[in-house]
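Undergrad: Here it is, the structure, as structure tokens.
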Amino acid sequence: MMRDTLDYIETYTDGFKPEIGIVLGSGLGDLADTYCEYAIPYDKIPGFSKSTVAGHKGQLVFASIENRNVVMMQGRIHFYEGHSMSEITYPIKVMKKLGVKTVIITNAAGAINKSFRPGDLMVITDHINMMGSNPLIGVNDDTLGTRFPDMSEVYNKNLIKLADAAGRNLRIDLKHGIYIASSGPSYETPAEIKMARYIGADAAGMSTVPEAIVANYCGMKVLGISCISNYASGVSTKKLTHEEVIETTNAVKAKFKELLLLLLKNI
């Protein structure tokens with residue numbers, strides 16, 4: 001299957017070799033709209049599953065940005081859509097095979113840390129996997145990584161320093177925090193958020209962790225950035241909706257885009 005995937009992509013990209021991969025989360029696909037040289041819908045790529053969530057265009061976009069060759073997932077494939085862990089992380093393995101060495105994974109997340117506000121950007125320093133599964137379960141592919149990969153530094157410390165420097169340069173008050181992922185699609189209950197805070201989580205979401213695990217397993221450097229799109233359940237009395245998530249990410253996408261552009265220039 002991988003060979004079919006790579007051959008199909010090659011027919012579109014004509015030898016384009018990306019070195020940086022970006023996963024653009026809910027409402028954060030603006031970068032791909034601005035910079036697009038080749039765009040391939042997921043449902044046309046052998047081995048890819050279709051994204052069905054609002055705010056996710058569901059296409060693989062190739063572009064040269066700040067003199068760096070980049071491949072972007074304009075929207076991701078989610079576990080809660082009914083896909084397997086293997087299916088939702090297949091694009092990350094494809095990035096590895098295409099030659100990508102660094103992956104920037106983004107998402108929209110709910111604030112657990114009470115000092116965070118909707119519209120904040122949080123650099124992920126670590127994660128907690130509460131999705132009930134692991135994307136590395138199954139037969140190991142030794143061409144991608146070892147059977148028992150180390151996870152002591154999933155999110156690369158040097159990339160975090162670069163993100164902090166870019167934030168200071170742009171006068172963006174970047175937060176740091178631990179991201180906790182559940183399977184979704186229902187939002188967490190107040191009791192679940194209270195538990196998550198107790199065990200050290202700062203923001204909650206339904207993605208990123210499987211992709212980060214596989215990217216790290218494949219030997220790629222990972223940077224994770226969350227757009228705090230809402231307060232998690234119980235942090236405020238407001239009911240949670242996906243529409244609020246999209247509204248907040250739309251409001252901060254210019255700031256988010258500036259940060260990504262400076263990061264691409266400095267990585």
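Read-outs: derived from the displayed coordinates by stated rules, not from any lab. Note that the structure is a prediction, hence the values are computed from the model and not measured. Glycine also receives a Cβ, built like all others from the backbone with ideal geometry; neighbour counts cover every protein chain displayed.
Undergrad: Using modelled backbone amide H atoms (1.01 Å from N, in-plane), which distant-in-sequence or interchain residues come within less than 5 Å of Ile128's amide H?
TA: Amide H to amide H, under 5 Å and 5 or more residues apart or across chains, Ile128 pairs with Tyr179, Ile180, Ala181.
Undergrad: Over the chain, what relative contact order in percent results from Cα pairs under 8 Å that are six or more residues apart?
TA: Reported relative contact order: 26 percent.
Undergrad: Please give me, ordered by residue number, the trypsin sites (Lys or Arg not before Pro) of region 139-211 that lie in loop per DSSP and have at most 15 other Cβ atoms within 10 Å.
TA: Arg147, Arg171
Undergrad: Here's a follow-up. If each residue of separation counts as 0.36 nm, what is the full-extension length gain between Tyr12 and Lys50 once their alpha-carbon separation is subtracted?
TA: 11.8 nm
Undergrad: While we're here: Counting Lys +1, Arg +1, Asp -1, Glu -1, what net charge surrounds Asp43 among other residues with beta carbon under 12 Å of its beta carbon?
TA: After counting each charged neighbour, the total is +3.
Undergrad: Write down the radius of gyration of region 97-222 and its Dmax, each obtained from C-alpha positions, in Å.
TA: 15.4, 46
Undergrad: Same structure, new question: So who's got an amide H within less than 5 Å of the one on Ile105, skipping anything under 5 residues away but keeping other chains? H placed 1.01 Å off N, in plane.
TA: The list, which skips near neighbours in sequence, is Val23, Leu223, Gly224, Ile225.
Undergrad: On alpha carbon coordinates alone, what is the Rg over Rh value for region 2-266, Rh being the Kirkwood radius?
TA: Using Cα coordinates only, the ratio equals 0.94.
Undergrad: Nearest 5 percent is fine: what portion of the DSSP beta bridges confined to region 2-266 is antiparallel?
TA: 35
Undergrad: Further question: Step through the residues of region 187-199 one at a time and calculate ³J(HN,Hα) from phi using the Karplus curve (6.51 cos²θ - 1.76 cosθ + 1.60, θ = phi - 60°), rounding each to whole Hz and writing x for Gly and Pro.
TA: With coefficients 6.51, -1.76 and 1.60, one gets 5, 5, 7, x, 5, 5, 5, 4, 4, 4, 5, 4, 8 Hz.
Undergrad: Filter Lys44/Lys239; Lys17/Lys175; Lys50/Lys257; Lys194/Lys255 down to the pairs with a C-alpha to C-alpha distance above 27 Å, please.
TA: Long pairs (Cα-Cα over 27 Å): Lys44/Lys239; Lys17/Lys175; Lys194/Lys255.
Undergrad: What angle do you read, to the nearest 10 degrees and between 0 and 90, between the alpha-carbon axis of helix 85-98 and the longest principal axis of the chain?
TA: Long axis of 85-98 versus the principal axis of the chain: about 50 degrees.
Undergrad: No solvent, one uniform scatterer per C-alpha: report log10 I(q)/I(0) for region 52-170 via the Debye equation at q = 0.15, 0.20, 0.22 1/Å, two decimals.
TA: So the normalised log intensities are -0.96, -1.70, -1.78.
Undergrad: For region 195-267, report the convex hull volume of the alpha-carbon atoms normalised per residue, in Å³, without decimals.
TA: Here the figure is 118 Å³ per residue.
Undergrad: Also, I was wondering about something else. Starting from 0.36 nm per residue, how many nanometres of slack lie between Glu19 and Arg147 once their C-alpha separation is accounted for?
TA: 43.6 nm
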